[in-house]
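Have a look at the structure below before the remarks.
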Amino acid sequence: MDPIIILAAGVTTGTVLLFAALGEVFAERSGVINLGVEGMMLMGAVAGFSTVVATGNPWLGVLVAMLAGVALSLLHAIVTITFQADQIVSGLSLTLLGTGIARVLGEGLSKAGSTSLLPRPTIPVLSEIPVIGPIFFTEQSVLVYVGYLAVPIAWYWINRTRPGLHLRAVGENPTAADSLGVNVYRVRYMYVMLGGLLAGLAGATITLAIQPGWFGDLTVGGRGWIAIGLVIFAQWSPLRVAIGAYLFGAIGRLIYDIQGPAELFGFSNPFKDVHALTFFLGMTPFILVILILVFGSREAVRKRLGSPAALGMPYVRGERGH
Amino acid sequence: MSASQVPLAPPPRARRMPYTVSLERRLEAPRRSWLITLVAVLVALVISGLMIALVGGDPIRSYVHIVGAAFGSPGVISDTLVKATPLILAGLACALAFRMRLWNIGVEGQYLMGAWGATAVVMVPLVPADAPAPVVLAAMAVAGFLSGAIWGSIPGLLKAYLKVNEIIVTLMLNYIALLFIQYWVFGPWSEGGFQMTRQFPRTAWLPRLSDFADSVPAFGGLTVHAGFLVALLAATIVWLVVRRSRWGFVIQLVGDSPNAARYAGVNIKRDIVLVFMASGGLAGLAGMSEVAGAVHRLQDTSPGYGFTAIIVAYLARFNPLGVVVAAILFAALILAGREIQPSGIPAMVQGIVLFCVIASDVLRRYSVRVQRAA
């Protein structure tokens, strides 16, 4: 129950949510909801892990995982952008499809045991800073450091660059963006695929940086859905995504560590005495997402914040908006 | 909407091709739209066959095996109907909510809570242990329906009064419901440390065809139970409600055009909660029928009926009677799929089928027009 250890572990596991939620932020900013995150993460996880089992090269695993995520997201893009199908149903079937393919590919992988993980360097100088150093810069996986870089880059890209302006325009008012010469279809394809790439990377983070091994659907275990909830909590902002992701990671570690000590706050620890009670602990992240949505929706109403205006609507060139 | 010509995106390179392909918005729905769905399913089966071949299976043999294992004899037809029973009820739950464009993805959790409520009647017990079977079963059905309806009312209330996204809430409630079930079957209701309850007494079993084998020998070994009749009855009632009742018209209106409904004085908030509760109740009834009719105990595993039900509802185009047909087809796929290796193939095929069906939607809204380039 050392807070430094809990927070450091929170940053590690939070990186999974971070990549997945950042990817969803990009897709939704372009106006496309992709509910297939869970499926794309499973694909990334299984593709990355099986690559490492076959070749022993975790870097190649990361690459294959990202490509697997892109391949799945491309399906969603074709069906929702070109064929203008319902984004909700398409995303759900993407999760189903990804889960199925991952199970097929993962057949026999659970016996593969553990493999080499990506390196876990300690950053000189920065790791010397009290509190911050041991949490963020000591023996974290390379992918965790990639996560630190991805957040400001994503923020800068969306808010300060020309392509980012096009992205926001397409998500808010595709007709106006089109009339100004932005190729709405191409922008949406690009960012849905970027979302798939990051979801695949999130899956690879699980199997190549945190927990080498394949445990079927439990490998991802609902984290794709939590990531989608985080995007709403974060009001589609990369910086708030980062805060939420690390916080959820830390909570995940806390509910695991809380089962250890014999006493909690001077009382006998109920979670150690009655094992079945730990199932209620396991509910915490899911209940938290609901609470965040409840309070987030009130805040959004108060501040008049909202989702991208064209979110969930297919764009049909030459037709008036819906 | 005028019949405007809409190029496929990205726009075709007209110069290089002797013909251009464009989509023309249909003025009215095509008459034989179920044919489009049928073709989409066939295309999906071909794609799935290619995928099966790719991972080293034999698609033709797999499909022949599925048909044989699901419809080959009265015994397996009965097994298929047993599997179809929870899918019909859960599919109706989805169809009802989706009609109003309420994305109740939480049918899985509502199903689990219904199974829990029905189990509580036996395990607590809520009725005297020596009560006659009709009393026990009626209490289980009511408890199952109510548990599902209450679980379904949570996203309904949050959506109606706080505008909270129902997709995320229902998904989170699925995981919470599963953990809740696990607490009961690992803890208070555990049978000797195994993650399941003890087997229910015979008074809590829905009657099966094989129970009547004494008078009709042909029924021997047939496990199809009264839950199937309940499911057919529920499909008829839901069909009457959505197609023939005033309320059915109102929820369709709210789904298609919320503003028009609001101007017409519809109490949308109340209807959102009611539809969610009815949907959750049907899902709960599915859970009850499964524990009382097929499993006869509560286990910690989730069979995923709630997710398959989404596809069933979509394939049936939210038509309650179509749900029955689609549910039986998917039950066959699940049943036969159990023996197919690798085990992920049925889920993969389901995903491909759903994808092809939603992609085919474009053909319901647009007609394809091929023209000679100018």
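Report yes if B:LEU178 is in the same structural domain as B:PRO258 (by TED's automatic domain parsing), among the hydrophobic types (A, V, I, L, M, F, W, C), within 19 Å of B:SER302 (Cβ to Cβ) and under 19 Å from the mean Cα position of the chain (by Cα), otherwise no.
Answer is yes for this residue.
Out of B:ALA139, B:ALA131, report the one residue that is assigned to a helix (DSSP H, G or I), more than 14 Å from every other protein chain (Cβ to nearest Cβ) and either closer than 17 Å to B:ARG202 by Cβ or out of contact with any Pro (no Cβ under 6 Å at 6 or more places or on another chain) (or both).
From the options B:ALA139, B:ALA131, the qualifying one is B:ALA139.
Within region A:294-314, which residues are at pLDDT below 85 and at the interface with chain B (Cβ under 10 Å from one of its Cβ atoms)?
Listed by number, the residues that qualify are A:PHE295, A:GLY296, A:SER297, A:ARG298, A:ALA300, A:VAL301, A:SER307, A:PRO314.
Taking the conditions exactly as written (away from chain B (no Cβ under 14 Å), under 30 Å from A:GLY164 (Cβ atoms) and in a helix (DSSP H, G or I)), does A:LEU247 satisfy them or not?
Yes: the conditions hold for A:LEU247.
When you scan region A:108-116, do you find a residue that is within 14 Å of chain B (Cβ to nearest Cβ), under 28 Å from A:VAL316 (Cα atoms), part of a helix (DSSP H, G or I) and touching a residue at least 60 places away in the same chain (Cβ under 8 Å), even just one?
no
If A:GLY195 meets every condition in (1) more than 30 Å from A:ARG317 (Cβ to Cβ); (2) outside any loop (DSSP other than H, G, I, E, B) apart from one, which number is that one?
(1)
Test each condition in (1) over 18 Å from B:VAL107 (Cβ atoms); (2) touching a helix residue (DSSP H, G or I) at 6+ places or on another chain (Cβ under 6 Å); (3) modelled with pLDDT under 95 for B:ILE272 and report the one that comes out false.
Failing condition for B:ILE272: (1).
Take B:LEU171 and decide whether it is touching a residue at least 12 places away in the same chain (Cβ under 8 Å) and buried (at least 23 other Cβ atoms within 10 Å of the Cβ).
Answer is yes for this residue.
When the residues of region B:189-212 are filtered to those that are more than 14 Å from chain A (Cβ to nearest Cβ) and touching a strand residue (DSSP E or B) at 6+ places or on another chain (Cβ under 6 Å), which remaining residue is surrounded by the most Cβ atoms within 10 Å (Cβ to Cβ)?
Among residues in region B:189-212 that are more than 14 Å from chain A (Cβ to nearest Cβ) and touching a strand residue (DSSP E or B) at 6+ places or on another chain (Cβ under 6 Å), the one surrounded by the most Cβ atoms within 10 Å (Cβ to Cβ) is B:LEU206.
Residues of region B:150-188 being in contact with a Lys or Arg (Cβ under 8 Å, 6 or more places away or on another chain) and more than 9 Å from chain A (Cβ to nearest Cβ), which ones?
B:ALA160, B:TYR161, B:GLU166
Let me confirm something: among B:PRO201, B:PRO217, which residue is over 30 Å from B:THR301 (Cβ atoms), in the same structural domain as B:THR301 (by TED's automatic domain parsing) and of a type outside the set (D, E, K, R)?
Within the list B:PRO201, B:PRO217, the selection yields B:PRO217.
When you scan region A:53-72, do you find a residue that is buried (at least 21 other Cβ atoms within 10 Å of the Cβ) and either within 9 Å of chain B (Cβ to nearest Cβ) or aromatic (Phe, Trp, Tyr) (or both), even just one?
The answer is no, given that none of the residues of region A:53-72 is buried (at least 21 other Cβ atoms within 10 Å of the Cβ) and either within 9 Å of chain B (Cβ to nearest Cβ) or aromatic (Phe, Trp, Tyr) (or both).
Give me the helices (runs of 4 or more DSSP H) completely within region B:257-331, filtered to those with at least 1 residues that are of a type in the set (Val, Ile, Thr), ordered by residue number.
Where helices (runs of 4 or more DSSP H) fall fully within region B:257-331 and carry at least 1 residues being of a type in the set (Val, Ile, Thr), they are B:268-290, B:305-315.
Which one is surrounded by the fewest Cβ atoms within 10 Å (Cβ to Cβ) among residues in region B:355-364 that are of a type outside the set (Gly, Ala, Ser) and touching a residue at least 60 places away in the same chain (Cβ under 8 Å)?
Taking the candidates together, the pick is B:ARG364.
Would you be able to tell me the number of residues in region A:193-249 that are modelled with pLDDT of 90 or more and of a type outside the set (A, V, I, L, M, F, W, C)?
Of the residues in that region, 14 qualify.
Residues checked against (1) more than 27 Å from B:LEU209 (Cβ to Cβ); (2) not hydrophobic (A, V, I, L, M, F, W, C):
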| position | (1), (2) |
| --- | --- |
| B:ALA261 | yes, no |
| B:GLY265 | yes, yes |
| B:LYS269 | yes, yes |
| B:ALA278 | yes, no |
| B:GLY281 | no, yes |
| B:GLY287 | no, yes |
| B:GLU290 | no, yes |
| B:GLY293 | no, yes |
| B:LEU298 | no, no |
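The values are calculated or read from the model by the stated rules, or taken from the named source; none is laboratory data. Small disclaimer: the values here were computed from a predicted structure and weren't measured. No Cβ is skipped: glycine too gets one built from the backbone with ideal geometry, and neighbour counts run over all protein chains shown.
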